[in-house]
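Data first, discussion second: the structure below is written as structure tokens.
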Amino acid sequence: LPADRLSTVAQVCARVLQLMNVAATTKARYESLVEHHIVPHIGRERIEDVRPDHVQLLYRKLLESGKRTGRGGGLSPQTVK
């Protein structure tokens, strides 16, 4: 999957999702997770600018407060993975 250095995380995620060969329901779940949890946080970052600490901070945030139900709390470790 070639990605130029100026591609954003959101653009790379979209390309990866487009190329996935998984069941439609699985793909829809992945698309939802990307749209709601990755893109709002680091989606605008250029792929060349994303560092490991960006990803670790995102993981921690999602584990602590990633739920969107209004009840608070984090996503499960499996979902974040």
Can you name the residue in the stretch 2-36 that is of a type in the set (A, V, I, L, M) and open to solvent by 70 Å² or more (accessible area, probe 1.4 Å) and, of all such residues, is nearest to LEU75 (Cα to Cα)?
ALA24
Is it the case that the stretch 69-79 has a residue that's among the aliphatic types (A, V, I, L, M), over 14 Å from the mean Cα position of the chain (by Cα) and over 27 Å from ASP4 (Cα atoms)?
no
Those residues of the stretch 33-59 that are in contact with a Cys (Cβ under 9 Å, 6 or more places away or on another chain) and aliphatic (A, V, I, L, M) come to a total of 3
Look at GLY73 and say whether it is without any contact (Cβ under 8 Å) to a residue 12 or more places away in the chain, out of contact with any His (no Cβ under 8 Å at 6 or more places or on another chain) and open to solvent by less than 80 Å² (accessible area, probe 1.4 Å).
yes
When the stretch 45-67 is checked residue by residue, the ones that are open to solvent by 80 Å² or more (accessible area, probe 1.4 Å), closer than 15 Å to LYS81 by Cα and not in a helix (DSSP H, G or I) are LYS67
Considering only residues of the stretch 1-44 that are part of a helix (DSSP H, G or I) and of a type in the set (S, T, N, Q), which is nearest to LEU63 (Cα to Cα)?
SER32
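The values are calculated or read from the model by the stated rules, or taken from the named source; none is laboratory data. Not measured: the values here are computed from a predicted model. Glycine also receives a Cβ, built like all others from the backbone with ideal geometry; neighbour counts cover every protein chain displayed. These accessible areas exclude ligands, DNA and RNA; they are computed on the full protein's heavy atoms, side chains included. Shrake-Rupley method; radii C 1.70, N 1.55, O 1.52, S 1.80 Å.
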